Every structure is written in structure tokens, then in C-alpha cells.
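Below is one structure, written out as C-alpha cells; comments come after it.
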Amino acid sequence: MSDGRVSFTLNGEPVEIEAPEAEPLLWTLRNRLGLTGARFGCGEGSCGACAVLVDGQIETSCSLKLWAVEGRRVETVEGLGDHPLIAAFAAERAGQCGYCLSGLVMRAKGLLDNTPDPDRAEIIAALDEGLCRCGAHPRILRAVARAAEDLRG
């Protein structure tokens, strides 16, 4: 692997980092930039614990190489600040162990950015790739619906 300089926008701020270009984005976020919201789960892009938004689309950061985000816009859960999704997940007690939550929240953000008034089936479809083993699914669905309502005003 060769090191290179990769520039991208991270949570609205420009970032330029020197790292192996083939390094997974997840490792860059966690180990080089200190953003630990995206989590390592399966390492194969299947569980969704590492989900981030890249140019508004869900990507699994464990399987996305750093070079692939050159010049692009990356959003992580840390960039959400006081987004209504955060308050809605808390109000609905939508997490138990919390391991999957950042990935599910990012999937929900991607949905709400493109579909301001999703129905239950759309919410389920958007979250379907995110694995949660705690059984908090009904609360997670309520939280996303609540956030959508809050965003619409």
C-alpha cells in the first residue's frame, strides 16, 4: 500500500490526510481522525455498524477504501449535532447496547434527506441492511418516524 494525500469534506469541514490510500475509511475515521461513532462489526459491509453517508448515499466504511472518498462529502454520526434524529432515538429509547445505533441513525438520515415523509415500509427498507440484535426494532422505527415529523415541523 502506498501512502498518499487524500482530501475530502468530513462533516462539513475540509480534511486532508496522509494515509495508505487502500486503507478502509473506517480505520481512517477511527484511528487517524478520532471519530469512533462508526463501528467495526463484520468487516465485510454486511452488518451496517460502520455506515456513513458519502455524497448523501449510505456506504459501509469498513469496505470503502480511503481513496474512494477523494473530493467527496462524508458524513458521520458525530456530524449530526442536534439533528432531530438524535433526540428522537433518545426519546423513544431506541437503543439498548447501542452498537448498531450510529449506523442505523446514518441510514435514517440518508432516508430523511431524500424522503421527508416516509411511510413505515420505506423506513423498514432503509434500515433493513442495519443489523440490530437487541430487539429494539419497534422503538427504532418509531424514532425515525418521530424525527421525520419533527423535521417537517
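What are the residue pairs meeting all of these: first residue in the stretch 87-108, first residue assigned by TED's automatic domain parsing to the domain that holds residue 135, second residue crowded, with 24+ Cβ neighbours inside 10 Å and of a type in the set (Phe, Trp, Tyr), Cβ atoms under 9 Å, and 6 or more apart or on different chains?
The qualifying pairs are 95/89; 101/89; 104/89; 105/89; 108/89.
So the check is Cβ under 9 Å with 6+ separation or different chains; which pairs have a first residue in the stretch 1-29 that's at positive phi and a second one that's surrounded by 15 or more Cβ atoms within 10 Å (Cβ to Cβ) and assigned to a helix (DSSP H, G or I)?
Listed pairs, sorted by first residue: 11/78; 11/79; 11/80; 12/79.
Could you tell me whether any residue of the stretch 72-92 is part of a loop (DSSP other than H, G, I, E, B) and farther than 19 Å from residue 12 by Cβ?
yes
On the basis of being surrounded by 15 or more Cβ atoms within 10 Å (Cβ to Cβ), hydrophobic (A, V, I, L, M, F, W, C), in a loop (DSSP other than H, G, I, E, B) and touching a residue at least 24 places away in the same chain (Cβ under 8 Å), does residue 49 make the cut?
yes
Identify all residues within the stretch 1-42 that are among the small types (Gly, Ala, Ser), surrounded by fewer than 16 Cβ atoms within 10 Å (Cβ to Cβ), modelled with pLDDT under 95 and part of a loop (DSSP other than H, G, I, E, B); write none if there are none.
Taking the stretch 1-42 as the starting set, the residues that turn out to be among the small types (Gly, Ala, Ser) are 2, 4, 7, 12, 19, 22, 34, 37-38, 41.
Remaining after also requiring surrounded by fewer than 16 Cβ atoms within 10 Å (Cβ to Cβ): 2, 4, 7, 12, 22, 34.
From what's left, modelled with pLDDT under 95: 2, 4, 22.
Across the stretch 1-42, the qualifying residues are 2, 22.
Give all pairs with beta carbons closer than 7 Å in which a residue from the stretch 116-127 that is surrounded by 14 or more Cβ atoms within 10 Å (Cβ to Cβ) meets a residue that is assigned to a loop (DSSP other than H, G, I, E, B); count only pairs at least 6 apart in sequence or on separate chains.
122/115
The values are calculated or read from the model by the stated rules, or taken from the named source; none is laboratory data. Please read all numbers here as calculations on a predicted model, not as lab measurements. Every residue, glycine as well, gets a Cβ built from its backbone with ideal geometry; the counts of neighbours run over all protein chains shown.
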